[in-house]
Amino acid sequence: MIGFLVAGLIIGALARLFKSGKQDLSLLATLGLGLLGSLIGGTIAWLIGTGSIWELNVLGFVLAVVAAVLLIGVVEGATSGRRR
């Protein structure tokens, strides 16, 4: 469980690094988006047939970071109208 949280935080941080511009996300939001991205990436990797959703593999990790980047974009788009 702790490893899953650490992986989610790492994935969220990497996603924020790859996403251009400044994101107004808290540490908790980064963790949440990283965890959600890791679940999405792990599920896609599992559907492709590279292993279990709960084991760490390269394809699942890359897909998790991509999913987290996309989630950050969605969250930014959804919250940008509120700040204007």
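The values are calculated or read from the model by the stated rules, or taken from the named source; none is laboratory data. Remember, predicted model here, so these are calculated numbers, not experimental data. For neighbour counting, all protein chains shown are included, and Cβ atoms are generated from backbone atoms with ideal geometry for every residue, glycine included. Areas reflect the complete protein model, heavy atoms only, side chains present, ligands, DNA and RNA absent. Shrake-Rupley method; radii C 1.70, N 1.55, O 1.52, S 1.80 Å.
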Residue-normalised accessible area of the chain, expressed per residue, 1.4 Å probe, Å²: 64
Sparse-neighbour loop sites [chymotrypsin sites (Phe, Trp or Tyr not before Pro); the range 1-79; at most 14 other C-beta within 10 Å; DSSP]: Trp54
Computed over the range 6-84, the relative contact order (Cα-Cα under 8 Å, seq sep at least six) in percent reads 35
Cα-Cα pairs above 16 Å in the chain: how many percent? 47
Charges only on Cβ, +1 for Lys and Arg, -1 for Asp and Glu: so what's the dipole of the chain about the Cα centre, in debye to the nearest 20? 420
What does the extension gain come out to for Val74 and Leu56, with contour length at 0.36 nm per residue minus their alpha carbon separation? 3.9 nm
Ile2 and Asp24 label points (each 7 Å along its Cα→Cβ direction) are spaced in nm at 3.5
Share of accessible surface on carbon and sulfur in the chain, whole %, 1.4 Å probe and ligands ignored, is 74
Angle, helix 58-83 long axis vs. longest principal axis of the chain, Cα atoms, 0 to 90°, nearest 10? 20
